[in-house]
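Enquirer: The structure under discussion is supplied below as C-alpha coordinates; questions concerning it will follow.
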DNA sequence: AATAATCAAGACAAAAGACTCCGAAATCCA
DNA sequence: TGGATTTCGGAGTCTTTTGTCTTGATTATT
(Lines give C-alpha, C1' and ligand atoms only; values in the text may rest on other atoms or scores of the structure.)
Protein backbone atom coordinates (compact mmCIF):
# COMPACT_ATOMS: atom_id res chain seq x y z
CA UNK A 1 0.00 0.00 0.00
CA UNK A 2 2.44 2.66 1.14
CA UNK A 3 5.71 0.93 0.27
CA UNK A 4 6.52 -1.54 -2.48
CA UNK A 5 7.57 -5.01 -1.44
CA UNK A 6 11.07 -4.14 -2.65
CA UNK A 7 11.43 -1.26 -0.21
CA UNK A 8 10.09 -3.37 2.63
CA UNK A 9 12.62 -6.11 1.87
CA UNK A 10 15.38 -3.50 1.64
CA UNK A 11 14.57 -2.07 5.08
CA UNK A 12 14.33 -5.51 6.66
CA UNK A 13 17.57 -6.66 5.06
CA UNK A 14 19.47 -3.54 6.15
CA UNK A 15 18.29 -4.00 9.73
CA UNK A 16 19.45 -7.60 9.62
CA UNK A 17 22.82 -6.62 8.14
CA UNK A 18 23.30 -3.92 10.77
CA UNK A 19 22.44 -6.39 13.52
CA UNK A 20 25.23 -8.68 12.26
CA UNK A 21 27.76 -6.06 11.25
CA UNK A 22 31.01 -7.13 12.86
CA UNK A 23 33.24 -6.20 9.93
CA UNK A 24 32.52 -9.44 8.10
CA UNK A 25 30.34 -9.79 5.03
CA UNK A 26 26.86 -11.23 5.55
CA UNK A 27 25.84 -13.69 2.81
CA UNK A 28 22.64 -12.89 0.93
CA UNK A 29 21.52 -16.48 1.32
CA UNK A 30 21.58 -16.12 5.10
CA UNK A 31 19.49 -12.93 5.00
CA UNK A 32 17.09 -14.59 2.60
CA UNK A 33 16.57 -17.60 4.85
CA UNK A 34 16.31 -15.74 8.14
CA UNK A 35 13.91 -13.08 6.87
CA UNK A 36 12.06 -15.33 4.41
CA UNK A 37 12.79 -13.10 1.44
CA UNK A 38 13.07 -14.74 -2.02
CA UNK A 39 16.79 -15.09 -2.64
CA UNK A 40 17.02 -14.00 -6.27
CA UNK A 41 14.70 -11.10 -5.62
CA UNK A 42 16.81 -10.01 -2.68
CA UNK A 43 20.04 -10.06 -4.66
CA UNK A 44 18.60 -7.54 -7.12
CA UNK A 45 17.53 -5.26 -4.28
CA UNK A 46 20.94 -5.46 -2.64
CA UNK A 47 22.56 -4.65 -5.98
CA UNK A 48 20.60 -1.40 -6.09
CA UNK A 49 21.62 -0.52 -2.54
CA UNK A 50 25.18 -1.30 -3.55
CA UNK A 51 25.02 1.08 -6.53
CA UNK A 52 23.60 3.69 -4.14
CA UNK A 53 26.72 3.33 -1.96
CA UNK A 54 24.69 2.18 1.02
CA UNK A 55 26.44 -1.18 1.09
CA UNK A 56 29.20 -3.08 -0.71
CA UNK A 57 29.27 -6.64 -1.97
CA UNK A 58 32.05 -9.17 -2.10
CA UNK A 59 32.12 -12.43 -4.03
CA UNK A 60 33.43 -15.86 -3.19
CA UNK A 61 33.58 -17.77 0.08
CA UNK A 62 33.41 -15.40 3.07
CA UNK A 63 31.65 -13.03 0.69
CA UNK A 64 28.33 -11.27 1.07
CA UNK A 65 27.26 -7.71 1.75
CA UNK A 66 28.44 -5.13 4.26
CA UNK A 67 27.30 -1.62 5.17
CA UNK A 68 29.28 1.26 3.70
CA UNK A 69 27.84 3.77 6.17
CA UNK A 70 27.12 3.64 9.86
CA UNK A 71 23.49 2.87 10.75
CA UNK A 72 23.27 6.32 12.37
CA UNK A 73 23.92 7.81 8.93
CA UNK A 74 21.29 5.83 6.98
CA UNK A 75 17.75 7.20 7.10
CA UNK A 76 14.73 5.12 6.21
CA UNK A 77 13.76 7.84 3.75
CA UNK A 78 17.06 7.29 1.95
CA UNK A 79 16.42 3.56 1.64
CA UNK A 80 12.96 4.15 0.19
CA UNK A 81 14.27 6.81 -2.18
CA UNK A 82 16.95 4.40 -3.42
CA UNK A 83 14.47 1.67 -4.23
CA UNK A 84 11.13 3.34 -5.00
CA UNK A 85 12.15 6.87 -5.90
CA UNK A 86 10.26 9.80 -4.41
CA UNK A 87 6.74 8.84 -5.46
CA UNK A 88 5.59 8.28 -1.88
CA UNK A 89 6.64 11.80 -0.93
CA UNK A 90 5.60 13.76 -4.00
CA UNK A 91 2.75 12.01 -5.81
CA UNK A 92 -0.75 13.47 -5.69
CA UNK A 93 -3.22 11.28 -3.81
CA UNK A 94 -5.55 11.45 -6.85
CA UNK A 95 -2.53 11.06 -9.16
CA UNK A 96 -3.14 14.31 -11.05
CA UNK A 97 0.15 14.85 -12.88
CA UNK A 98 0.32 18.59 -12.24
CA UNK A 99 -1.21 18.73 -8.76
CA UNK A 100 0.50 21.30 -6.56
CA UNK A 101 -0.08 24.56 -4.80
CA UNK A 102 -0.97 26.35 -8.04
CA UNK A 103 -3.15 23.62 -9.59
CA UNK A 104 -4.33 21.58 -6.61
CA UNK A 105 -6.57 18.55 -6.66
CA UNK A 106 -9.49 18.82 -4.23
CA UNK A 107 -7.58 16.89 -1.55
CA UNK A 108 -4.21 18.56 -1.99
CA UNK A 109 -4.35 21.12 0.82
CA UNK A 110 -5.48 18.52 3.33
CA UNK A 111 -3.21 15.74 2.14
CA UNK A 112 0.07 17.54 1.53
CA UNK A 113 0.80 18.15 5.24
CA UNK A 114 0.25 14.48 6.05
CA UNK A 115 2.58 13.44 3.25
CA UNK A 116 5.11 15.92 4.66
CA UNK A 117 4.77 14.43 8.15
CA UNK A 118 5.48 11.00 6.75
CA UNK A 119 8.56 12.26 4.93
CA UNK A 120 9.83 14.10 8.01
CA UNK A 121 9.33 11.06 10.17
CA UNK A 122 11.16 8.78 7.73
CA UNK A 123 13.98 11.23 7.09
CA UNK A 124 14.64 11.63 10.81
CA UNK A 125 14.38 7.91 11.56
CA UNK A 126 17.78 6.32 11.22
CA UNK A 127 18.49 2.64 10.65
CA UNK A 128 20.26 2.63 14.02
CA UNK A 129 17.01 3.30 15.88
CA UNK A 130 15.22 0.38 14.25
CA UNK A 131 18.20 -1.86 14.96
CA UNK A 132 18.11 -0.81 18.61
CA UNK A 133 14.40 -1.62 18.90
CA UNK A 134 14.89 -5.05 17.37
CA UNK A 135 18.00 -5.82 19.41
CA UNK A 136 16.24 -4.86 22.64
CA UNK A 137 13.29 -7.02 21.59
CA UNK A 138 10.90 -4.07 21.57
CA UNK A 139 10.02 -4.70 17.93
CA UNK A 140 9.87 -7.66 15.57
CA UNK A 141 11.46 -7.89 12.15
CA UNK A 142 9.33 -10.77 10.85
CA UNK A 143 6.08 -12.23 12.05
CA UNK A 144 7.68 -15.45 13.20
CA UNK A 145 11.16 -14.88 14.55
CA UNK A 146 12.29 -12.94 17.57
CA UNK A 147 15.69 -11.31 17.94
CA UNK A 148 17.26 -14.44 19.46
CA UNK A 149 16.43 -16.42 16.34
CA UNK A 150 17.96 -13.69 14.22
CA UNK A 151 21.14 -13.39 16.26
CA UNK A 152 21.76 -17.11 16.70
CA UNK A 153 24.64 -18.51 14.66
CA UNK A 154 24.04 -20.48 11.49
CA UNK A 155 22.22 -23.73 12.13
CA UNK B 1 0.67 4.48 -4.16
CA UNK B 2 -1.74 5.41 -1.39
CA UNK B 3 -5.03 4.69 -3.17
CA UNK B 4 -5.85 2.16 -5.84
CA UNK B 5 -6.90 3.50 -9.20
CA UNK B 6 -10.40 2.24 -8.42
CA UNK B 7 -10.74 4.43 -5.34
CA UNK B 8 -9.41 7.44 -7.22
CA UNK B 9 -11.96 6.90 -10.00
CA UNK B 10 -14.70 6.46 -7.40
CA UNK B 11 -13.88 9.78 -5.71
CA UNK B 12 -13.67 11.64 -9.01
CA UNK B 13 -16.91 10.12 -10.26
CA UNK B 14 -18.79 10.96 -7.05
CA UNK B 15 -17.60 14.56 -7.23
CA UNK B 16 -18.80 14.73 -10.82
CA UNK B 17 -22.16 13.19 -9.96
CA UNK B 18 -22.63 15.57 -7.04
CA UNK B 19 -21.78 18.52 -9.30
CA UNK B 20 -24.58 17.44 -11.66
CA UNK B 21 -27.09 16.24 -9.12
CA UNK B 22 -30.36 17.89 -10.09
CA UNK B 23 -32.55 14.88 -9.40
CA UNK B 24 -31.85 13.31 -12.79
CA UNK B 25 -29.69 10.28 -13.35
CA UNK B 26 -26.21 10.93 -14.77
CA UNK B 27 -25.22 8.38 -17.42
CA UNK B 28 -22.00 6.47 -16.78
CA UNK B 29 -20.90 7.16 -20.34
CA UNK B 30 -20.97 10.90 -19.67
CA UNK B 31 -18.87 10.56 -16.51
CA UNK B 32 -16.47 8.30 -18.35
CA UNK B 33 -15.98 10.81 -21.18
CA UNK B 34 -15.72 13.93 -19.05
CA UNK B 35 -13.30 12.46 -16.53
CA UNK B 36 -11.45 10.21 -18.98
CA UNK B 37 -12.16 7.06 -17.01
CA UNK B 38 -12.44 3.74 -18.92
CA UNK B 39 -16.17 3.14 -19.31
CA UNK B 40 -16.37 -0.58 -18.55
CA UNK B 41 -14.07 -0.17 -15.59
CA UNK B 42 -16.15 2.67 -14.24
CA UNK B 43 -19.38 0.68 -14.43
CA UNK B 44 -17.94 -1.95 -12.09
CA UNK B 45 -16.86 0.71 -9.62
CA UNK B 46 -20.28 2.36 -9.66
CA UNK B 47 -21.89 -1.04 -9.13
CA UNK B 48 -19.92 -1.41 -5.91
CA UNK B 49 -20.93 2.06 -4.74
CA UNK B 50 -24.48 1.11 -5.57
CA UNK B 51 -24.32 -2.04 -3.44
CA UNK B 52 -22.90 0.12 -0.65
CA UNK B 53 -26.00 2.32 -0.79
CA UNK B 54 -23.99 5.39 -1.73
CA UNK B 55 -25.75 5.73 -5.08
CA UNK B 56 -28.51 4.08 -7.06
CA UNK B 57 -28.59 3.09 -10.70
CA UNK B 58 -31.37 3.11 -13.23
CA UNK B 59 -31.44 1.37 -16.59
CA UNK B 60 -32.68 2.41 -19.97
CA UNK B 61 -32.78 5.80 -21.71
CA UNK B 62 -32.69 8.65 -19.15
CA UNK B 63 -30.95 6.10 -16.90
CA UNK B 64 -27.65 6.43 -15.11
CA UNK B 65 -26.57 6.88 -11.52
CA UNK B 66 -27.75 9.19 -8.74
CA UNK B 67 -26.62 9.82 -5.18
CA UNK B 68 -28.57 8.13 -2.40
CA UNK B 69 -27.10 10.39 0.28
CA UNK B 70 -26.39 14.06 0.45
CA UNK B 71 -22.76 15.00 -0.27
CA UNK B 72 -22.52 16.34 3.32
CA UNK B 73 -23.17 12.78 4.50
CA UNK B 74 -20.56 11.02 2.36
CA UNK B 75 -17.01 11.00 3.72
CA UNK B 76 -13.99 10.29 1.57
CA UNK B 77 -13.01 7.60 4.07
CA UNK B 78 -16.32 5.88 3.38
CA UNK B 79 -15.68 5.88 -0.36
CA UNK B 80 -12.23 4.38 0.09
CA UNK B 81 -13.55 1.79 2.54
CA UNK B 82 -16.25 0.78 0.05
CA UNK B 83 -13.76 0.18 -2.76
CA UNK B 84 -10.41 -0.73 -1.18
CA UNK B 85 -11.43 -1.90 2.27
CA UNK B 86 -9.52 -0.70 5.31
CA UNK B 87 -6.01 -1.66 4.24
CA UNK B 88 -4.86 1.95 3.97
CA UNK B 89 -5.89 2.60 7.56
CA UNK B 90 -4.86 -0.62 9.25
CA UNK B 91 -2.05 -2.30 7.35
CA UNK B 92 1.46 -2.31 8.79
CA UNK B 93 3.94 -0.26 6.78
CA UNK B 94 6.24 -3.32 6.68
CA UNK B 95 3.21 -5.58 6.08
CA UNK B 96 3.81 -7.75 9.15
CA UNK B 97 0.51 -9.59 9.57
CA UNK B 98 0.37 -9.28 13.34
CA UNK B 99 1.91 -5.83 13.77
CA UNK B 100 0.20 -3.83 16.52
CA UNK B 101 0.81 -2.37 19.92
CA UNK B 102 1.70 -5.75 21.42
CA UNK B 103 3.86 -7.08 18.58
CA UNK B 104 5.03 -3.93 16.78
CA UNK B 105 7.28 -3.74 13.75
CA UNK B 106 10.20 -1.35 14.24
CA UNK B 107 8.31 1.48 12.55
CA UNK B 108 4.93 0.92 14.18
CA UNK B 109 5.10 3.50 16.96
CA UNK B 110 6.24 6.22 14.58
CA UNK B 111 3.96 5.29 11.71
CA UNK B 112 0.68 4.53 13.47
CA UNK B 113 -0.03 8.18 14.40
CA UNK B 114 0.52 9.30 10.82
CA UNK B 115 -1.83 6.62 9.55
CA UNK B 116 -4.35 7.80 12.14
CA UNK B 117 -3.98 11.40 10.96
CA UNK B 118 -4.72 10.30 7.43
CA UNK B 119 -7.79 8.40 8.52
CA UNK B 120 -9.05 11.31 10.64
CA UNK B 121 -8.57 13.71 7.79
CA UNK B 122 -10.41 11.49 5.33
CA UNK B 123 -13.23 10.65 7.72
CA UNK B 124 -13.86 14.33 8.43
CA UNK B 125 -13.64 15.39 4.80
CA UNK B 126 -17.03 15.19 3.19
CA UNK B 127 -17.77 14.92 -0.50
CA UNK B 128 -19.52 18.28 -0.24
CA UNK B 129 -16.27 20.07 0.56
CA UNK B 130 -14.50 18.69 -2.49
CA UNK B 131 -17.49 19.58 -4.65
CA UNK B 132 -17.38 23.14 -3.29
CA UNK B 133 -13.67 23.49 -4.08
CA UNK B 134 -14.19 22.25 -7.63
CA UNK B 135 -17.30 24.35 -8.21
CA UNK B 136 -15.53 27.49 -7.01
CA UNK B 137 -12.60 26.62 -9.24
CA UNK B 138 -10.20 26.36 -6.32
CA UNK B 139 -9.32 22.80 -7.26
CA UNK B 140 -9.20 20.68 -10.41
CA UNK B 141 -10.78 17.29 -10.92
CA UNK B 142 -8.68 16.25 -13.90
CA UNK B 143 -5.44 17.55 -15.27
CA UNK B 144 -7.04 18.96 -18.38
CA UNK B 145 -10.52 20.24 -17.70
CA UNK B 146 -11.66 23.10 -15.49
CA UNK B 147 -15.04 23.34 -13.82
CA UNK B 148 -16.64 25.10 -16.79
CA UNK B 149 -15.82 22.16 -19.04
CA UNK B 150 -17.35 19.83 -16.49
CA UNK B 151 -20.53 21.84 -16.01
CA UNK B 152 -21.17 22.57 -19.67
CA UNK B 153 -24.07 20.66 -21.20
CA UNK B 154 -23.50 17.65 -23.41
CA UNK B 155 -21.67 18.52 -26.61
C1' DA C 1 44.65 -26.58 -10.24
C1' DA C 2 40.24 -28.15 -8.53
C1' DT C 3 36.38 -27.27 -5.73
C1' DA C 4 33.00 -24.83 -3.37
C1' DA C 5 30.87 -20.59 -2.05
C1' DT C 6 29.44 -16.42 -3.26
C1' DC C 7 27.51 -12.28 -6.16
C1' DA C 8 25.97 -10.69 -11.21
C1' DA C 9 22.79 -10.66 -14.80
C1' DG C 10 19.38 -11.87 -18.00
C1' DA C 11 15.39 -14.58 -19.32
C1' DC C 12 11.40 -16.48 -17.74
C1' DA C 13 6.92 -17.33 -14.80
C1' DA C 14 3.26 -16.25 -11.54
C1' DA C 15 0.18 -13.03 -9.25
C1' DA C 16 -2.21 -8.87 -8.80
C1' DG C 17 -4.06 -4.71 -10.51
C1' DA C 18 -6.09 -2.37 -14.36
C1' DC C 19 -8.91 -2.66 -18.09
C1' DT C 20 -12.02 -4.83 -22.15
C1' DC C 21 -15.67 -7.37 -24.32
C1' DC C 22 -19.99 -9.37 -24.90
C1' DG C 23 -24.49 -11.06 -24.28
C1' DA C 24 -28.45 -10.21 -21.27
C1' DA C 25 -31.90 -7.47 -18.80
C1' DA C 26 -34.39 -3.21 -18.02
C1' DT C 27 -36.50 0.86 -19.72
C1' DC C 28 -38.07 4.65 -22.72
C1' DC C 29 -40.18 6.16 -26.85
C1' DA C 30 -42.03 6.06 -31.38
C1' DT D 1 -44.48 -4.11 -30.48
C1' DG D 2 -39.82 -3.00 -31.90
C1' DG D 3 -35.73 -0.43 -31.67
C1' DA D 4 -32.60 2.46 -29.10
C1' DT D 5 -30.30 3.35 -24.77
C1' DT D 6 -28.76 2.19 -20.64
C1' DT D 7 -27.04 -0.85 -16.64
C1' DC D 8 -25.65 -5.88 -15.15
C1' DG D 9 -22.60 -9.69 -14.74
C1' DG D 10 -19.25 -12.82 -16.14
C1' DA D 11 -15.24 -13.98 -18.62
C1' DG D 12 -11.15 -12.70 -20.63
C1' DT D 13 -6.86 -9.65 -21.72
C1' DC D 14 -3.07 -6.54 -20.74
C1' DT D 15 0.42 -4.51 -17.75
C1' DT D 16 3.09 -4.07 -13.67
C1' DT D 17 4.91 -6.11 -9.73
C1' DT D 18 6.74 -9.92 -7.66
C1' DG D 19 9.25 -14.02 -7.73
C1' DT D 20 12.12 -18.07 -10.19
C1' DC D 21 15.69 -20.26 -12.85
C1' DT D 22 19.93 -20.69 -15.15
C1' DT D 23 24.41 -19.50 -16.48
C1' DG D 24 28.55 -17.02 -15.64
C1' DA D 25 32.19 -14.43 -12.99
C1' DT D 26 34.89 -13.90 -8.72
C1' DT D 27 37.35 -15.57 -4.76
C1' DA D 28 38.93 -18.58 -0.57
C1' DT D 29 40.42 -23.05 0.58
C1' DT D 30 42.53 -27.37 -0.08
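The values are calculated or read from the model by the stated rules, or taken from the named source; none is laboratory data. Only a predicted model underlies this, so the values are computations on that prediction, with no experimental measurement involved. Cβ atoms come from the backbone with ideal geometry, glycine included; neighbour counts cover every protein chain shown.
Enquirer: Based on what the data block shows, is residue B:60 surrounded by fewer than 19 Cβ atoms within 10 Å (Cβ to Cβ) and closer than 30 Å to residue A:35 by Cβ?
Expert: Answer is no for this residue.
Enquirer: Also, I was wondering about something else. It is to be established whether one or more residues within segment A:81-88 are in contact (Cβ under 8 Å) with a residue 12 or more places away in the chain, in contact with a helix residue (DSSP H, G or I) (Cβ under 7 Å, 6 or more places away or on another chain) and facing chain B (nearest Cβ under 10 Å).
Expert: Taking every residue of segment A:81-88 in turn, at least one turns out to be in contact (Cβ under 8 Å) with a residue 12 or more places away in the chain, in contact with a helix residue (DSSP H, G or I) (Cβ under 7 Å, 6 or more places away or on another chain) and facing chain B (nearest Cβ under 10 Å).
Enquirer: (1) within 12 Å of chain A (Cβ to nearest Cβ); (2) away from DNA strand C (no atom under 16 Å from the Cβ): which one isn't true of residue B:92, the others all being true?
Expert: Going through the list (1) within 12 Å of chain A (Cβ to nearest Cβ); (2) away from DNA strand C (no atom under 16 Å from the Cβ), residue B:92 breaks only (2).
Enquirer: Which condition from (1) more than 30 Å from residue B:149 (Cα to Cα); (2) within 16 Å of DNA strand C (Cβ to nearest atom) is the one that residue B:103 breaks?
Expert: Tallying (1) more than 30 Å from residue B:149 (Cα to Cα); (2) within 16 Å of DNA strand C (Cβ to nearest atom), residue B:103 fails exactly one: (2).
Enquirer: Next question. Of the residues B:67, B:46, only one is within 10 Å of DNA strand D (Cβ to nearest atom), touching a helix residue (DSSP H, G or I) at 6+ places or on another chain (Cβ under 7 Å), away from chain A (no Cβ under 14 Å) and at negative phi; which?
Expert: Checking each option against the conditions leaves just B:46.
Enquirer: Being closer than 18 Å to residue A:84 by Cβ and part of a helix (DSSP H, G or I) is the filter here, so list the residues in segment A:31-42 that pass it.
Expert: Scanning segment A:31-42 gives A:41, A:42.
Enquirer: If a residue has to be modelled with pLDDT of 95 or more and either near DNA strand C (Cβ under 10 Å from one of its atoms) or exposed (fewer than 15 other Cβ atoms within 10 Å of the Cβ) (or both) to count, how many in segment B:1-24 make the cut?
Expert: 7
Enquirer: Tell me, which helices (runs of 4 or more DSSP H) wholly within segment A:73-155 include 2 or more residues that are at pLDDT 95 or above and either closer than 19 Å to residue A:17 by Cβ or more than 20 Å from the chain's Cα centre (by Cα) (or both)?
Expert: A:76-84, A:108-124, A:127-135
Enquirer: Might you check whether a residue that is more than 26 Å from residue B:136 (Cα to Cα), part of a helix (DSSP H, G or I), within 13 Å of DNA strand D (Cβ to nearest atom) and touching a strand residue (DSSP E or B) at 6+ places or on another chain (Cβ under 7 Å) occurs anywhere in segment B:50-64? Walk me through how you get there before you give the answer.
Expert: Looking only at segment B:50-64, we keep the residues that are more than 26 Å from residue B:136 (Cα to Cα), and these are B:50-53, B:56-63.
Narrowing the set further to residues that are part of a helix (DSSP H, G or I) leaves B:50-51.
Retained after the next criterion (residues that are within 13 Å of DNA strand D (Cβ to nearest atom)): B:50-51.
With touching a strand residue (DSSP E or B) at 6+ places or on another chain (Cβ under 7 Å) added as a condition, the list becomes B:50.
Within segment B:50-64, one or more residues are more than 26 Å from residue B:136 (Cα to Cα), part of a helix (DSSP H, G or I), within 13 Å of DNA strand D (Cβ to nearest atom) and touching a strand residue (DSSP E or B) at 6+ places or on another chain (Cβ under 7 Å).
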